[in-house]
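Asker: Mind looking over this structure? Questions follow.
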Amino acid sequence: MEFQQKNIAEGLLEEIWIEDHFQVLKMKNDENQSQTVVREIDSNFIQFHYTIKGSGIFSFNNGAYTLPIHDETSLLLYNPQRSLPMNLELKPSTWIVSLIISIKKFHSLFSSDAHYIPFLSDDNKDKKYYNDMPITPSMAVVLNQLMNFTVHPSLNSVYHKAKAYELLCLHFNKPGDADVEQCPFLADEINVQKIKKAKDIIIDRMSEPPSLQDLALEVGLSLAKLKDGFKQIYGEPVYTFLFDHKMELGCKLLSQGDNVNEVGLKLGYSTSSHFIAAFKKKYGTTPKKYVSALS
């Protein structure tokens with residue numbers, strides 16, 4: 001697999017081999033016109049593309065078919081039946097991080113739990129698989145670290161390897177997609193929708209979230225069913241989930257340049273000191289030190 005260098009503007013692309021059959025690509029188009037990256041990628045490889053900002057368009061079959069990728073969205077491409085060469089047009093002011101990993105390498109990471117990955121299931125393993133999904137706040141943090149954080153050259157490979165594996169874990173760590181048949185209560189789709197509504201409510205009102213009792217009343221569940229169902233779907237209690245979400249969002253906002261006071265207010269903290277204490281409890285460092293580490 002080689003890039004066609006004639007299609008790549010200087011400074012547009014950085015490629016890092018972190019292991020055999022596993023590569024990180026970092027693409028920055030800070031120009032005021034579109035740029036194109038072309039690469040041959042055969043059917044033995046899976047492609048994960050993450051648009052940190054901006055947008056792009058993948059072209060296939062000499063432009064006969066196109067697939068857009070949008071701001072803060074990921075795109076997974078895999079087709080065991082034919083090669084999917086990368087012909088990617090990056091719009092102006094677009095940043096994209098891509099992971100290119102062989103199916104053999106990827107399968108070895110999940111060999112004991114391949115059923116958890118949809119396209120590695122027995123039913124799908126020989127079929128093409130395209131999937132897009134929003135980039136979560138926790139994924140955005142890792143992507144910004146990959147794009148912006150500078151380490152000593154001797155640590156470059158280790159750092160990118162750690163972040164690439166972290167990104168893969170976050171991509172597939174979706175407790176909300178748990179098998180609802182495991183719990184009789186959750187087999188009721190109406191109750192599942194009520195739990196999801198509860199999640200949306202606490203996120204929308206994170207600055208002043210309702211009490212658990214009020215939340216249960218609003219979505220039409222008993223307090224016990226709300227607590228048990230929420231933990232079954234999202235893997236943790238309601239307010240632990242909200243705390244983690246707020247901290248992940250805080251990291252994202254800080255990495256985008258918001259100051260500590262602004263972020264604290266957006267997350268519902270009455271003072272910056274309360275936000276700093278919460279941030280340090282979660283990450284073991286202060287927001288200021290976190291921002292300094294990104295620069």
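Asker: Please give every one of the lysines within straight-line cross-link reach of residue 105, meaning a C-alpha to C-alpha distance under 19 Å, and leave out same-chain neighbours fewer than 8 residues apart.
Answerer: 125, 127, 128, 161, 163
Asker: I would also like to ask the following. R0 = 30 Å: FRET efficiency of residue 214 with residue 152, Cβ-based, nearest 0.05?
Answerer: Given R0 = 30 Å and the Cβ-Cβ separation, E is 0.05.
Asker: Kindly state, to the nearest 0.05, the FRET efficiency for residue 57 paired with residue 291, given R0 = 25 Å and r defined as their beta-carbon distance.
Answerer: Working: r = 33 Å, r/R0 = 1.32.
Efficiency at R0 = 25 Å is approximately 0.15.
Asker: Using the beta-carbon distance between residue 19 and residue 261 and R0 = 41 Å, what value does 1/(1 + (r/R0)^6) give for FRET efficiency, to the nearest 0.05? Don't skip to the end; give the middle numbers.
Answerer: Details: r = 42 Å, r/R0 = 1.02.
E between residue 19 and residue 261, to the nearest 0.05, is 0.45.
Asker: Could I ask something else about it? Keeping all protein chains in position, work out how much accessible area residue 139 exposes to a 1.4 Å probe, and write it in Å² to the nearest 10.
Answerer: Accessible surface of residue 139 is approximately 0 Å².
Asker: Label residue 132 and residue 222 with points 7 Å out from Cα along Cα→Cβ: what is the distance between them in nm?
Answerer: If labels sit at residue 132 and residue 222, their model points lie 4.4 nm apart.
Asker: Return the lysines within reach of residue 196: Cα separation strictly under 25 angstrom, same-chain partners fewer than 8 residues apart disregarded; answer none if there are no such residues.
Answerer: 174, 225, 227, 231, 246, 252, 266, 282
The values are calculated or read from the model by the stated rules, or taken from the named source; none is laboratory data. Remember, predicted model here, so these are calculated numbers, not experimental data. Quick reminder, even Gly has a Cβ in these numbers, built from the backbone with ideal geometry, and neighbours come from all protein chains shown. For the accessible areas, the whole protein counts, side chains as well, though only heavy atoms, and no ligand, DNA or RNA atoms are used. Shrake-Rupley method; radii C 1.70, N 1.55, O 1.52, S 1.80 Å.
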